[in-house]
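Participant: I have a structure I would like to understand better, so I am pasting it below and will then ask my questions one at a time.
The values are calculated or read from the model by the stated rules, or taken from the named source; none is laboratory data. Quick caveat, the model's predicted, so the values are computed rather than measured. Virtual Cβ from ideal backbone geometry, glycine too; neighbours counted across all protein chains shown.
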Amino acid sequence: MQRHKFTLGGLVIVAGLGFLLVRGFEQNTAAHITLATLSQEAATNAWDDQRIQLGGSTVVPGSIKWDKYRHRPEFSITDGQHTLQVRYTGNAVLPDTFRDESQVVLEGHYNPSHGLFEAQVVFAKCPSKYEGQSYEGHIQAMEAGKTDS
Amino acid sequence: MIDLGYFALCLALVTAGYAVATAAMGARQQNVALMRSGENAALAICGLLTVSVIGLWYALLTHDFQVEFVAENSNRSMPLGYTISALWGGQNGSLLFWGWILSLYTAAVVLVNRHRYRPLMPYVVATMTATSFFFIVLNLFAADPFVRLPFTPADGNGLNPILQHPYMAIHPPMLYTGMVGMSVPFAFGLAALFSGQLDRNWLYACRRWMLIPWTFLGAGLLLGGKWAYVELGWGGYWAWDPVENASLMPWLAGTAFLHSIMIQERKGMLKMWNMVLVLLTYFLCILGTFITRSGVISSVHAFAKSNVGSYFAVFLTLITLLSVGMIWYRRESLRAESRLESFASRETVFLLNNWILLSMLFAVLWGTLFPLISEAFTGEKITVGAPFFNQVNVPIGLVLILLTGAGPLFAWRRTSTESLKKNFTVPIAGGLAVGGLCAILGVRDGYALVSLTLCAFVVLAITGEFHRGTLARQHSTAESYPVALFRLCHKNRRRFGGYMVHLSLVMLFVGFTGQAFTTERDLVLTPGANAEVGDYHLTFETLAQKEDARRDVVAAAVTLTRGGAFLSTLLPQRHFYKNVDQPTTEVAVYASWREDFYLVLVGWDPKDSSAKFKIYINPLVNWVWAGGVAFVLGALWCMWPTSRDRRLAALDRRTSQGLPAGDWDAQKRGIEV
């Protein structure tokens, strides 16, 4: 009898957790794809009206056009091969780390009629400030210089 | 100095290898000389890594920019404090720092426990120095902070300005001290499995050593939240980012452990479960570090992708195999000694609490790892947004807070229906009264009503415990109420410290509940213009600019009043750091116990000096920070050494002076019973 009560309690918890997980999943997921995938498959309308998390790209230097009060910019992103125009439609103030060459992860929708990505959320990391490759170019240049001389 | 630091690191590697070998061999052969040697080597690692860390600090403070780490993470214009904290501002330095804290813990364990847990200690030392070995390898071969550039830059990059913040200076060390410290209970768990000494000794050791990092981890989590709140400008403090989740998960597992060990201590049950929890806690710490450092899951936390990740993957696999293997090997010794006697008992509530905490942990883990899981099974990477975590964890959290209050009202073993009625009547009535009052005052959010009702219930239930205990004490001692209350809490630090932590949890939940009522407004104002937001009246006075050596500052002066009464002049700002092409947003907050008025300067038009503001009114946020302070105080109350601890320590000292161990064991039992 005692045992049954505990089993029952366990089942209730597992069922409750399962219910919460399933319900939570219905609304709050987004497909994580790269800019390459989106660029290749945009023509097939596969991603229209889907919530997408777009990763693996950086902000094209000089492409950031702020609105009057520096709140919602339009900008381009690139992965080196493809580029895409982005319009920020979210409400929050963009992270301070958002600037030229930042690595960005965007969440939002692809708008096929304008060929641009409407981002509701922008995550940004600075390219080289935390940890990075900023001196690598310099080192390569020096080493190239050495072999020349 | 930098060469000395590197040299010390190399020596530390050799010493760590020696320590693992001697401690393990000493344990196998029961050779005391080898065990001692292993312990001394563990102390030596601590000394060597201290030299190493000082070496790197010296390089930072002397602006030795030829060292790549120094050039990457500091510059000449950074204030002294942030130059010091730059040590953990970048990956390589933070890993060295991590290893150093680990060695400090190891030294502390050796110095504090080497007489007390004699049969366990060599295994503990072996496990901890093996972990040190791993981190030193990492530092030497994958994340060397002492690497020099082939040239010396004139100035360094500097620490990212958003990290130059007091909370960010102390948040990582707190978190690391928490995460790293979990290796101590892990080591005691493994030592118990290896030595087969699965009596209660390892559990006592684990509890003490779990409480310390658990407190640091909890404090670190909240400090990170505070930093995000005041620095990132999005009006919140917790975003369910994978890295935040990664540090929350071990805290949840540790919390479950701290509760379930009480059942083992009293009833000899849940031995297997407790062992799993203590090993899981450490596993989650390393998993979290792996997630943070490897870049397998995209996160706003910006440690660059590096091959450090693969090292952690190997380490993670090793500790998993070792843990699972050893638990399987000792499965017979981990059987329960007794069974639960009644469903209506405190044991049941503790069991429920464990299931609920683990459910929460599972939900967070599932959401965090789902991109990887979905990619493995369907080929499509699906990410899970913050609303998922809120939707799942709010109901689970409400059950948890209910148990926080209900637990103390149940007696151990079995509770009679009469005593349940007696204990529950006042808290339930009080909770419902508060809930009803909130409803009348206009709270319409279902979860918020339930939460506030439960919070009131828990406060009444717990203060009832304090009250009844004090009255009982007064009855037998004739002390005055305050004296009796203090002595009650002092004599039962563990129990009443635990209740204090529970009360702090209530404060946190009150704060979390406020999130249901956050309001957000965008405003464009010209200088001199007024606006009404909620019952606040604000006047945009002027836009000002100033410049100092490091940065340009643009600030808006906004006067805040309510009902005609002056509240504050707020100065939301943007800083533009000269050597970095990046502004930082400095929000201005008018905080009260009721709510925060949170003001962000979004941007301005230089032509007419008009400015755009973002305003968040965040009810009850202060309760979160106050709850954090209360959490630390309650945890300290639990940890504070008792007279029993002091007597044990005195015995330890006598043993070290040559009293026979058998004599000591008998005396110790006398104290512990």
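Participant: Identify, please: which residue in the range B:364-380 is at the interface with chain A (Cβ under 9 Å from one of its Cβ atoms) and surrounded by 22 or more Cβ atoms within 10 Å (Cβ to Cβ) and is, among those, modelled with the lowest pLDDT? Show your work before the answer.
Facilitator: So the first thing to find is which residues in the range B:364-380 are at the interface with chain A (Cβ under 9 Å from one of its Cβ atoms), and the list is B:366-367, B:370-371, B:374-375, B:380.
This time we only want the ones that are surrounded by 22 or more Cβ atoms within 10 Å (Cβ to Cβ), so: B:367, B:371.
Working: B:Gly367: 92, B:Pro371: 87.
Among them, the one singled out is B:Pro371.
Participant: Let me ask another. Kindly check whether there is at least one residue in the range B:44-56 that is out of contact with any Phe, Trp or Tyr (no Cβ under 9 Å at 6 or more places or on another chain), within 21 Å of B:Tyr82 (Cα to Cα) and modelled with pLDDT of 95 or more.
Facilitator: Looking through the range B:44-56, at least one residue is out of contact with any Phe, Trp or Tyr (no Cβ under 9 Å at 6 or more places or on another chain), within 21 Å of B:Tyr82 (Cα to Cα) and modelled with pLDDT of 95 or more.
Participant: Additional query: Within the range B:511-525, restricting attention to residues that are buried (at least 18 other Cβ atoms within 10 Å of the Cβ) and of a type in the set (S, T, N, Q), which residue is farthest from the other protein chains (Cβ to nearest Cβ)?
Facilitator: Across the range B:511-525, the extreme among qualifying residues is B:Thr513.
Participant: Being within 14 Å of chain A (Cβ to nearest Cβ) and of a type outside the set (Phe, Trp, Tyr) is the requirement here; does B:Pro150 meet it?
Facilitator: So B:Pro150 fits the description; yes.
Participant: May I ask you to say which residue of B:Pro387, B:Pro408, B:Pro427 is of a type outside the set (Asp, Glu) and within 14 Å of another protein chain (Cβ to nearest Cβ)? Show your work before the answer.
Facilitator: On the way: B:Pro408 fails: within 14 Å of another protein chain (Cβ to nearest Cβ); B:Pro427 fails: within 14 Å of another protein chain (Cβ to nearest Cβ).
B:Pro387 is the lone residue from the list that is of a type outside the set (Asp, Glu) and within 14 Å of another protein chain (Cβ to nearest Cβ).
Residues are listed down the side, and each one gets a yes or a no for (1) under 19 Å from B:Val580 (Cα atoms); (2) touching an Asp or Glu at 6+ places or on another chain (Cβ under 9 Å); (3) in contact (Cβ under 8 Å) with a residue 12 or more places away in the chain; (4) within 10 Å of another protein chain (Cβ to nearest Cβ):
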| position | (1), (2), (3), (4) |
| --- | --- |
| A:Tyr69 | no, yes, no, yes |
| A:Ile77 | no, no, yes, no |
| A:Gly80 | no, no, no, no |
| A:Pro95 | yes, no, yes, yes |
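Participant: Within the range B:446-485, track down each residue that is exposed (fewer than 13 other Cβ atoms within 10 Å of the Cβ) and more than 19 Å from B:Phe410 (Cα to Cα).
Facilitator: Result: B:Gly446, B:His475, B:Ser476, B:Thr477, B:Ala478, B:Ser480, B:Tyr481, B:Pro482.
Participant: Ok, one more. Restricting the range B:332-346 to residues that are surrounded by 13 or more Cβ atoms within 10 Å (Cβ to Cβ) and away from every other protein chain (no Cβ under 14 Å), which is nearest to B:Trp273 (Cα to Cα)?
Facilitator: Selected residue: B:Leu334.
Participant: If you go through the range B:195-235, how many residues are under 23 Å from B:Val629 (Cβ atoms) and touching a residue at least 24 places away in the same chain (Cβ under 8 Å)? Even if it seems obvious, please write down each step before you answer.
Facilitator: Here is the first cut: in the range B:195-235, the residues under 23 Å from B:Val629 (Cβ atoms) are B:208, B:210-232, B:235.
Now restrict to residues that are touching a residue at least 24 places away in the same chain (Cβ under 8 Å): B:208, B:210-227, B:229-232, B:235.
Of the residues in the range B:195-235, 24 are under 23 Å from B:Val629 (Cβ atoms) and touching a residue at least 24 places away in the same chain (Cβ under 8 Å).
Participant: From the set of residues in the range A:15-35 that are surrounded by 13 or more Cβ atoms within 10 Å (Cβ to Cβ) and in a helix (DSSP H, G or I), which is farthest from the other protein chains (Cβ to nearest Cβ)? If you could, list the steps in order and put the result at the bottom.
Facilitator: First, the residues of the range A:15-35 that are surrounded by 13 or more Cβ atoms within 10 Å (Cβ to Cβ): A:16-17, A:20-21, A:23-25, A:28-35.
Among the residues that remain, those that are also in a helix (DSSP H, G or I) are: A:16-17, A:20-21, A:23-25, A:35.
On the way: A:Gly16: 8, A:Leu17: 5, A:Leu20: 5, A:Leu21: 6, A:Arg23: 7, A:Gly24: 4, A:Phe25: 7, A:Leu35: 13 Å.
If we take residues in the range A:15-35 being surrounded by 13 or more Cβ atoms within 10 Å (Cβ to Cβ) and in a helix (DSSP H, G or I), then A:Leu35 is farthest from the other protein chains (Cβ to nearest Cβ).
Participant: Test B:Ile212 against the stated conditions and say whether it is within 28 Å of B:Leu357 (Cα to Cα), over 11 Å from the mean Cα position of the chain (by Cα), of a type in the set (Val, Ile, Thr) and surrounded by fewer than 24 Cβ atoms within 10 Å (Cβ to Cβ).
Facilitator: Numbers: within 28 Å of B:Leu357 (Cα to Cα): yes; over 11 Å from the mean Cα position of the chain (by Cα): no; of a type in the set (Val, Ile, Thr): yes; surrounded by fewer than 24 Cβ atoms within 10 Å (Cβ to Cβ): yes.
Against the criterion (within 28 Å of B:Leu357 (Cα to Cα), over 11 Å from the mean Cα position of the chain (by Cα), of a type in the set (Val, Ile, Thr) and surrounded by fewer than 24 Cβ atoms within 10 Å (Cβ to Cβ)), B:Ile212 does not qualify.
Participant: Let me ask another. Scan the range A:36-53 and tell me whether some residue there is surrounded by 14 or more Cβ atoms within 10 Å (Cβ to Cβ), more than 7 Å from chain B (Cβ to nearest Cβ) and under 23 Å from B:Ala239 (Cβ atoms).
Facilitator: yes
Participant: It is to be established whether one or more residues within the range A:81-96 are β-branched (Val, Ile, Thr) and over 30 Å from B:Trp604 (Cβ atoms). Outline the logic, then answer.
Facilitator: From the range A:81-96, those β-branched (Val, Ile, Thr) are A:83, A:86, A:89, A:93; that's our starting set.
From what is left, the residues that are over 30 Å from B:Trp604 (Cβ atoms) are A:83.
Yes; the residues of the range A:81-96 include at least one that is β-branched (Val, Ile, Thr) and over 30 Å from B:Trp604 (Cβ atoms).
Participant: Okay, next question. Does the range B:24-35 hold any residues that are part of a helix (DSSP H, G or I) and either surrounded by fewer than 18 Cβ atoms within 10 Å (Cβ to Cβ) or in contact with a Phe, Trp or Tyr (Cβ under 7 Å, 6 or more places away or on another chain) (or both), and which are they? So that I can check it myself, show each step before the final result.
Facilitator: Our first condition is that a residue be part of a helix (DSSP H, G or I); within the range B:24-35, this holds for B:24-29, B:32-35.
Those that are part of a helix (DSSP H, G or I) and either surrounded by fewer than 18 Cβ atoms within 10 Å (Cβ to Cβ) or in contact with a Phe, Trp or Tyr (Cβ under 7 Å, 6 or more places away or on another chain) (or both): B:Met25, B:Ala27, B:Arg28, B:Gln29, B:Val32, B:Ala33.
Participant: Among the residues of the range B:113-134, write down those that are assigned to a helix (DSSP H, G or I) and modelled with pLDDT under 90.
Facilitator: Answer for the range B:113-134, where residues must be assigned to a helix (DSSP H, G or I) and modelled with pLDDT under 90: just B:Asn113.
Participant: Okay, moving on. Would you list the strands (runs of 3 or more DSSP E) that sit entirely within the range B:489-608 and hold 1 or more residues that are in contact with a Ser or Thr (Cβ under 9 Å, 6 or more places away or on another chain)? Even if it seems obvious, please write down each step before you answer.
Facilitator: Numbers: elements: B:519-525, B:530-533, B:536-547, B:551-562, B:565-570, B:573-577, B:583-586, B:588-591, B:595-604.
Strands (runs of 3 or more DSSP E) meeting the threshold: B:519-525, B:530-533, B:536-547, B:551-562, B:565-570, B:573-577, B:588-591, B:595-604.
So that you can scan it fast, the table gives a plain yes or no per residue for (1) in a loop (DSSP other than H, G, I, E, B); (2) in contact with a strand residue (DSSP E or B) (Cβ under 7 Å, 6 or more places away or on another chain); (3) among the hydrophobic types (A, V, I, L, M, F, W, C):
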{"residue": "B:Leu221", "(1), (2), (3)": "no, no, yes"}
{"residue": "B:Glu244", "(1), (2), (3)": "no, no, no"}
{"residue": "B:Ser247", "(1), (2), (3)": "no, no, no"}
{"residue": "B:Leu258", "(1), (2), (3)": "no, no, yes"}
{"residue": "B:Val278", "(1), (2), (3)": "no, no, yes"}
{"residue": "B:Phe283", "(1), (2), (3)": "no, no, yes"}
{"residue": "B:Val296", "(1), (2), (3)": "yes, no, yes"}
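Participant: Also, quick follow-up: Quick one: how many residues across the range B:407-442 are of a type outside the set (Ser, Thr, Tyr) and touching a residue at least 60 places away in the same chain (Cβ under 8 Å)? Quick ask: steps written out before the conclusion?
Facilitator: First, the residues of the range B:407-442 that are of a type outside the set (Ser, Thr, Tyr): B:407-414, B:418, B:420-424, B:426-442.
Those left that are additionally touching a residue at least 60 places away in the same chain (Cβ under 8 Å): B:407-408, B:410-414, B:420.
Final tally of qualifying residues: 8.
Participant: Only one of these conditions is not met by B:Ala108: (1) in contact with a helix residue (DSSP H, G or I) (Cβ under 7 Å, 6 or more places away or on another chain); (2) at pLDDT 95 or above. Which number is it?
Facilitator: (1)
Participant: While we're on this one: Return the residues of the range B:590-647 that are small (Gly, Ala, Ser), under 25 Å from the mean Cα position of the chain (by Cα) and within 30 Å of B:His259 (Cα to Cα); say none if nothing qualifies. Even if it seems obvious, please write down each step before you answer.
Facilitator: The first filter runs over the range B:590-647 and keeps only residues small (Gly, Ala, Ser), leaving B:591-592, B:603, B:609-611, B:626-628, B:630, B:634-635, B:643.
Imposing the further condition that a residue be under 25 Å from the mean Cα position of the chain (by Cα) reduces the set to B:591, B:626-628, B:630, B:634-635.
Hits for the range B:590-647 are B:Ala626, B:Gly627, B:Gly628, B:Ala630, B:Gly634, B:Ala635.
Participant: Based on this model, can you work out whether B:Gln545 counts as more than 30 Å from B:Thr463 (Cα to Cα) and not hydrophobic (A, V, I, L, M, F, W, C)?
Facilitator: Values: more than 30 Å from B:Thr463 (Cα to Cα): yes; not hydrophobic (A, V, I, L, M, F, W, C): yes.
Answer is yes for this residue.
Participant: Which one of A:Val86, A:Val93, A:Val60, A:Val121 is touching a Lys or Arg at 6+ places or on another chain (Cβ under 8 Å) and either hydroxyl-bearing (Ser, Thr, Tyr) or buried (at least 16 other Cβ atoms within 10 Å of the Cβ) (or both)? Let's see the steps before the verdict.
Facilitator: On the way: A:Val86 fails: touching a Lys or Arg at 6+ places or on another chain (Cβ under 8 Å); A:Val60 fails: touching a Lys or Arg at 6+ places or on another chain (Cβ under 8 Å); A:Val121 fails: touching a Lys or Arg at 6+ places or on another chain (Cβ under 8 Å).
Testing whether each residue is touching a Lys or Arg at 6+ places or on another chain (Cβ under 8 Å) and either hydroxyl-bearing (Ser, Thr, Tyr) or buried (at least 16 other Cβ atoms within 10 Å of the Cβ) (or both) leaves just A:Val93.
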